[in-house]
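Each remark here refers to the structure printed beneath this line.
The values are calculated or read from the model by the stated rules, or taken from the named source; none is laboratory data. The structure presented is a predicted model; accordingly, all values stated were derived computationally and were not measured. Neighbour counts are summed over all protein chains in view; Cβ atoms, including those assigned to glycine, are modelled from backbone coordinates with ideal geometry.
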Amino acid sequence: MDHRKDEWLAAIAAADDSRLRELDGELFGKSGDLTALVKGVAQLPKEERRDAGRAANQLKAEIQAAYDARRQELADAALAAELAAPDFDPTEPGPKHSRGTLHPITVVRDELVDLFTSMGFTWQDGPEVESDFFNFEALNIPADHPARDSQDTFWLDDGNLLRTHTSPVQIRTMQRMKPPLKVIVPGRCFRQETVDATHEHTFYQMEGLVVDKGVSTANLLHTMKTCLREILRRDLVVRCRPGFFPFVEPGFELDVKTERGWMEILPCGMVHPRVLQAGGIDPEEYTGFAFGMGLTRVVMLRYGIDDIRTLSGGDLRFLRQFEEVGR
């Protein structure tokens, strides 16, 4: 063992960068000499294992220390050679390090928050793990309602669920605050969707709620058109058609025309009287409107993204396109 130790130490001391990398595999690799030596202790008679194991581990530690020292020695020598080179300029700026930036969803969300707060809205938030009451019952979606089937809910073992929309915050807000109300709720939602270019199981919405005396559909449509015009920054072909949602009456679908066809982007409508009641507000005295904007889809339209999966894929080549956007 001592003979091999001297041989290994001599090889390490004489090694250059290339040879040192080779020795790393020859000594410490899966089939390396030192690895085999340590593993071989288990094959010895039981009474010899303790002393042999201690000796093998000590030898490995000495060889590792010598290896690390030689690697540092070579690195120091390489640095010294660079510093002594005639073309070295210590005043030259160092390499530029890339900085993290905001995700495009965050950028658009913040712009929407700024837009709506300038219109008198306040930002509200709520839990992503919700109860059946706030996610369904209070929004006029009872247990036997067919709308539950279309939401494809992630149910948890304790009977709670991952919220399928940001609408539960409507109820929570109405229970905490008195009219007049103008609130927005940006947040993450979850549904058991079949993932494709325009659908994801995890996505972002921005809920909006206005409750006051005399609120009408005219107020709703004006707010929605103002929002789309400001955030998408271009003229769009938009259509408004009747839509059914249990928590609004009447309900509307605001769609935007894209290269792939019509994309649903802004379901909205007048708040259903039962929803106002669930929030502790008298529907005989107050009316309101609500909308649930597909925030992820707004981002796709804004930047011409044709596949929703790229937004959560973590591909840095894609995300680096937005480096200047998030600053």
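Tally time: how many residues in segment 70-112 are under 19 Å from the mean Cα position of the chain (by Cα), of a type outside the set (S, T, N, Q) and surrounded by 15 or more Cβ atoms within 10 Å (Cβ to Cβ)? Working first, answer last.
Residues of segment 70-112 that are under 19 Å from the mean Cα position of the chain (by Cα), as a first pass: 99-112.
Retained after the next criterion (residues that are of a type outside the set (S, T, N, Q)): 99-100, 102-105, 107-112.
Checking the rest, the ones that are also surrounded by 15 or more Cβ atoms within 10 Å (Cβ to Cβ) come to 102-105, 107-109, 111-112.
Here the count works out to 9.
Looking only at residues in segment 42-61 that are farther than 21 Å from Asp24 by Cα and of a type in the set (A, V, I, L, M, F, W, C), which one is surrounded by the fewest Cβ atoms within 10 Å (Cβ to Cβ)? Give the derivation first.
Taking segment 42-61 as the starting set, the residues that turn out to be farther than 21 Å from Asp24 by Cα are 42-54.
Next, only the ones that are of a type in the set (A, V, I, L, M, F, W, C) stay: 42, 44, 52.
Numbers: Ala42: 9, Leu44: 13, Ala52: 18.
Here the residue is Ala42.
If a residue must be surrounded by fewer than 11 Cβ atoms within 10 Å (Cβ to Cβ) and of a type in the set (Gly, Ala, Ser), how many such residues does segment 11-35 contain?
So the answer is 3.
Per-residue answers, yes or no, for (1) small (Gly, Ala, Ser); (2) assigned to a helix (DSSP H, G or I); (3) in the same structural domain as Arg297 (by TED's automatic domain parsing); (4) in contact with a Cys (Cβ under 7 Å, 6 or more places away or on another chain):
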site: Ser18; (1), (2), (3), (4): yes, yes, no, no
site: Leu23; (1), (2), (3), (4): no, yes, no, no
site: Ser31; (1), (2), (3), (4): yes, no, no, no
site: Thr35; (1), (2), (3), (4): no, yes, no, no
site: Glu47; (1), (2), (3), (4): no, yes, no, no
site: Ala55; (1), (2), (3), (4): yes, yes, no, no
site: Ala61; (1), (2), (3), (4): yes, yes, no, no
site: Gly94; (1), (2), (3), (4): yes, no, no, no
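I'm told Arg274 meets every condition in (1) within 26 Å of Cys227 (Cβ to Cβ); (2) surrounded by 15 or more Cβ atoms within 10 Å (Cβ to Cβ) except one. Can you identify the failing condition by its number?
(1)
For Leu319, state whether it is surrounded by 16 or more Cβ atoms within 10 Å (Cβ to Cβ), without any contact (Cβ under 8 Å) to a residue 40 or more places away in the chain, among the aliphatic types (A, V, I, L, M) and part of a helix (DSSP H, G or I).
Values: surrounded by 16 or more Cβ atoms within 10 Å (Cβ to Cβ): yes; without any contact (Cβ under 8 Å) to a residue 40 or more places away in the chain: no; among the aliphatic types (A, V, I, L, M): yes; part of a helix (DSSP H, G or I): yes.
When the stated conditions are applied, Leu319 does not pass them.
Note down all Cβ pairs under 9 Å where the first residue falls in segment 4-32 and is within 18 Å of Asp76 (Cβ to Cβ), the second is β-branched (Val, Ile, Thr) and surrounded by fewer than 11 Cβ atoms within 10 Å (Cβ to Cβ), and they're at least six residues apart or on different chains.
Listed pairs, sorted by first residue: none to list.
Val248: within 22 Å of Arg148 (Cβ to Cβ) and touching a strand residue (DSSP E or B) at 6+ places or on another chain (Cβ under 7 Å), yes or no? Give the steps one after another, and end with the answer.
Values: within 22 Å of Arg148 (Cβ to Cβ): yes; touching a strand residue (DSSP E or B) at 6+ places or on another chain (Cβ under 7 Å): yes.
Taking the combined requirement at face value, the residue satisfies it.
Give the residue, chosen from Arg241, Arg233, Arg229, that is more than 15 Å from Arg302 (Cα to Cα), among the charged types (D, E, K, R) and in the same structural domain as Ile184 (by TED's automatic domain parsing).
After ruling out the rest, the residue left standing is Arg241.
Only one residue in Val185, Val169, Val215 is β-branched (Val, Ile, Thr), in contact with a strand residue (DSSP E or B) (Cβ under 6 Å, 6 or more places away or on another chain), under 28 Å from Leu301 (Cβ atoms) and surrounded by fewer than 21 Cβ atoms within 10 Å (Cβ to Cβ). Which one?
On the way: Val185 fails: surrounded by fewer than 21 Cβ atoms within 10 Å (Cβ to Cβ); Val169 fails: surrounded by fewer than 21 Cβ atoms within 10 Å (Cβ to Cβ).
Exactly one residue qualifies, and that residue is Val215.
Check segment 274-296 and report whether any residue there is hydroxyl-bearing (Ser, Thr, Tyr), at pLDDT 90 or above and either over 23 Å from Val195 (Cα atoms) or not in a strand (DSSP E or B) (or both).
At the first step, the residues of segment 274-296 found to be hydroxyl-bearing (Ser, Thr, Tyr) are 286-287, 296.
Then drop every residue that is not at pLDDT 90 or above, which leaves 286-287.
Subset that is either over 23 Å from Val195 (Cα atoms) or not in a strand (DSSP E or B) (or both): 286-287.
Yes, there is a match, as at least one residue in segment 274-296 is hydroxyl-bearing (Ser, Thr, Tyr), at pLDDT 90 or above and either over 23 Å from Val195 (Cα atoms) or not in a strand (DSSP E or B) (or both).
Name the one entry in Arg148, Arg99 that is part of a loop (DSSP other than H, G, I, E, B) and either in the same structural domain as Pro246 (by TED's automatic domain parsing) or among the basic types (Lys, Arg) (or both).
On inspection, the qualifying residue turns out to be Arg99.
I'm checking my understanding of the structure. Among residues of segment 258-269 that are surrounded by fewer than 22 Cβ atoms within 10 Å (Cβ to Cβ) and touching a residue at least 40 places away in the same chain (Cβ under 8 Å), which one is nearest to Leu220 (Cα to Cα)?
Met263
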